[in-house]
Every structure is written in C-alpha cells, then in structure tokens.
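Note sheet for the following structure.
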Amino acid sequence: MKIEKTWTSAHGKLLLFGEHAVVWGHPAVGLSLESNLKLSWTPQESWSFSKIPAEFQPVLRNLVEHFQKMRFQAGLSPLQPGDLFISSEVPVGSGFGSSGALCAAFAQLFFPSPSLSGEFSWDTLARGAESYFHGNPSGFDTALALREGWWKFQRQKDEISLTPLKFRRPNLVIGAIPRLSSTKNLVEGLAEKRIKDTRGVSSTLASLGEIANQGALLFQNETERLDHEIGRLFTQAQKALKLLGLSVETFKTIFETAKNRTGALGAKLSGAGGGGAFVLIYPSPESASQACHYFELNYPSSTWTLAPSPVFGLRNRP
C-alpha cells in the first residue's frame with residue numbers, strides 16, 4: 001500500500017504561573033493556545049526539508065536522528081525517509097512553546113500511537129527531544145503541546161502529575177518583545193545562581209510554586225472576581241521573577257503602562273524571561289480589546305515580536 005503525506009500537529013502554550021520553579025519540582029499552571037504547529041512528512045528516498053530556511057535544517061536533522069534512535073530502542077524499524085515541511089502559527093523563540101510543539105509533532109510522527117504514558121509515550125519522547133533546545137526541560141511545554149485546555153503540572157524526579165483545571169476564560173492579553181537571552185542560557189544561569197545563593201533562590205522558587213498552587217485553586221473553585229484575584233497573583237509572581245533577574249526594563253515600562261493607562265489588573269512575563277512572552281489580565285473582554293488597541297496606537301510595531309492580542313485558550317481535552 002502506498003503511503004501518502006502525513007500531518008501531525010501540536011499546540012503553543014502560555015505559562016500563567018510557576019516559571020523556572022517547575023524545573024525544580026514546584027507546580028506550574030498553564031494552558032494550550034489556539035495557535036499550533038503542523039509537521040508534514042511525504043515519503044521519498046532521502047530526507048529533505050521543504051522550504052525550511054537553511055539555518056533551521058541542522059536542528060531538524062538532529063531531531064530525525066534522535067527519533068530514529070528511539071524507534072530502534074523501541075524495536076521498530078526506521079521511519080522511511082521523507083520530505084518534512086513545517087507550518088507554524090507559534091512564534092519562534094518568544095516563550096510560547098515553539099520548540100515544545102516541534103518536538104511533540106515529531107514524537108507523533110515517529111510514533112503514530114495515541115499513548116500518553118510509558119517509556120515511549122509522546123510525553124516522554126517529546127520531553128527527551130526538547131533537551132536539544134533547553135538542556136533540562138520540565139516537560140510542561142511538551143505536555144501542553146500534546147493536550148488542550150488549562151492544566152496544573154508538577155514533576156518530582158521522574159514522576160509527572162497533570163491535573164486538568166476548570167475552563168474559566170479570564171480576560172487575558174498576550175504579547176512578546178525581543179529576547180535578550182535564550183531559554184537554555186536563562187535556565188542554566190538561574191541554576192548557577194541557586195548554587196551561589198541556595199537559600200535565597202530556592203525560597204523565591206518555592207514562592208513561585210506556592211503562587212501556582214493558589215492560581216490552580218482559583219480555577220478549581222467558583223472564585224468570585226476571578227480576574228482580580230489572578231491579577232493579584234500575577235503581580236506577586238512578577239516581583240519574584242524580577243528578584244531572580246529574569247525581567248527586563250522594557251517589561252517594566254509595558255506593565256506600568258498596562259496598569260496605569262489601560263486598566264490591567266495584573267501583568268507578568270510568561271516563560272523563561274529575558275524578554276519574550278508576557279501576559280496581562282483585564283476586568284472585561286471589552287477592556288482587554290481596548291488595551292490592545294491602545295498598544296497598537298501608542299507603540300511602534302518594532303516593539304513587539306508578537307503584538308498584544310486577546311487569548312482565550314482551549315477547552316480541556318486530554
């Protein structure tokens with residue numbers, strides 16, 4: 001039987017709480033985004049990368065080699081060579097999980113099974129592949145890439161706990177600015193700080209984990225004034241992230257403008273920091289939309305790698 005073109009896909013993500021803390025065993029809260037990445041494979045005699053810029057092709061070759069090795073370890077024959085093509089709505093290198101989505105799409109292509117548990121599950125395979133990008137990934141980005149909805153995540157040693165959260169649809173706005181450092185460098189830099197100041201850094205990471213726990217409870221309980229309570233936690237989390245040296249001056253300016261000019265209830269970076277993704281929260285859909293319009297009128301387009309826009313997230317589906 002002739003094998004035709006195959007597509008796999010995975011979601012971008014937004015971290016609400018628990019950045020960096022999640023790497024050290026504390027909980028985090030996040031959601032899968034409507035934006036996704038699609039990977040196509042068309043069988044042929046050798047591997048090629050259709051219309052993909054040359055600078056990205058070595059990474060893809062590494063991923064192909066990695067997943068072929070994983071198929072060998074699983075007792076499977078190599079996947080037939082093919083032409084790979086990527087179509088993505090997830091901004092690259094901005095903190096919305098582009099590498100996690102890519103690894104999740106590769107895992108589904110090379111292991112076309114719906115399993116989400118075990119040594120050769122999509123979760124385990126995708127997280128292992130993401131180490132090429134981030135060194136010691138938590139696994140949350142790839143977990144969100146493979147799922148829909150809002151989730152609480154915690155990894156302690158090799159045990160991963162994922163808890164679905166109620167779909168509450170707070171009034172969120174997301175955006176991104178240019179990054180000054182890569183996720184890998186930021187994670188490794190924080191690990192070095194933790195060695196030099198174990199008590200101080202560990203205490204701040206633990207506080208971020210506790211904020212994530214409180215955030216998860218807001219979604220699980222029928223919390224009144226949900227947006228105000230999330231805004232309060234955003235403010236606390238941002239202070240902790242700044243204390244860890246993960247924020248940048250541009251964030252300070254944007255967040256002050258968001259609160260003082262557009263009525264944001266809270267603001268924080270999202271993801272590894274050093275620039276990149278951020279998230280704001282507003283009291284109503286109308287105020288969120290008006291805030292996006294304000295930023296469009298008052299900031300040059302060069303400010304953003306992703307201009308501020310409302311985000312709703314996806315309903316939960318494992």
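How do 5, 196, 38 line up, fewest other C-beta atoms within 10 Å first? Before the final figure, lay out the partial values.
Working: 5 11, 196 8, 38 15.
Sorted ascending by nearby Cβ count, the order is 196, 5, 38.
Mean shadow of the chain, computed from the convex hull of its alpha carbons, in nm²? Please list the in-between numbers first.
Values: hull surface 66.8 nm².
Taking a quarter of the hull surface, the average projection is 16.7 nm².
How many nm is it between the label spots at residue 9 and residue 242, if each spot is 7 Å from the Cα in line with the beta carbon?
Distance between label points: 3.9 nm.
What are the principal axis extents of the Cα atoms in the stretch 171-311, in Å, biggest first?
Between the extreme Cα coordinates on each principal axis of the stretch 171-311 lie 45, 40, 21 Å.
Restricting to lysines 8 or more places apart or on different chains, can you count the pairs in the stretch 171-311 with Cα atoms under 24 Å from each other?
Pairs that pass both the separation and distance tests number 20.
When 32, 161 are ordered from fewest to most other Cβ atoms inside 10 Å of their Cβ, what list results? Walk me through the numbers on the way to the answer.
Details: 32 27, 161 10.
Sorted ascending by nearby Cβ count, the order is 161, 32.
How big is the antiparallel share of DSSP beta bridges in the chain, given as a percent to the nearest 5? Provide the component values of the computation, followed by the final result.
Working: 43 of 45 bridges.
Counting DSSP beta bridges with both partners in the chain, the antiparallel share is about 95 percent.
Could you state the angle between the C-alpha long axis of helix 183-196 and the longest principal axis of the C-alpha atoms of the chain, as a value from 0 to 90 degrees rounded to the nearest 10?
The angle comes out at about 60 degrees.
In nanometres, what is the gap between the two model label sites at residue 261 and residue 217, each 7 Å from Cα along Cα-to-Cβ?
If labels sit at residue 261 and residue 217, their model points lie 3.6 nm apart.
For helix 249-262, report the angle its Cα long axis makes with the longest principal axis of the Cα atoms of the chain; keep it between 0 and 90° and round to the nearest 10°.
60
Using a simple spin-label model with points 7 Å from Cα along the Cα→Cβ vector, what separation in nm is obtained for residue 80 and residue 59?
Each label point lies 7 Å from its Cα, and together they span 2.9 nm.
Give me the one-decimal Kirkwood hydrodynamic radius in Å for the stretch 66-120, with the sum taken over alpha-carbon pairs. Write down the numbers at each step before the final one.
Working: mean 1/r = 0.0781 Å⁻¹.
One decimal place: 12.8 Å for the Kirkwood radius.
Treating the angle as unsigned and between 0 and 90°, give the value, to the nearest 10°, between the Cα long axis of helix 285-298 and the longest Cα principal axis of the chain.
90
With a 10 Å Cβ neighbour count serving as the proxy for reagent exposure, in which order, fewest first, do 151, 7, 122 appear? Write out the running numbers ahead of the final one.
Working: 151 23, 7 13, 122 28.
So the residues, fewest neighbours to most, are 7, 151, 122.
Run lengths n ≥ 4 of DSSP H only: what is the helix-derived mean residue ellipticity at 222 nm for the chain, with -39500 (n - 2.57) per run over all residues, to the nearest 500? Spell out each step's value before the answer.
Numbers: 9 runs with 132 residues, N = 318.
Calculated from helices alone, the mean residue ellipticity at 222 nm is -13500 deg cm²/dmol.
Every number in this text was worked out from the coordinates using simple rules, so none of it is lab data. This structure is a prediction, so every number in the text was calculated from the model and none was measured. All Cβ positions, glycine included, derive from the backbone under ideal geometry; neighbour counts span all protein chains shown.
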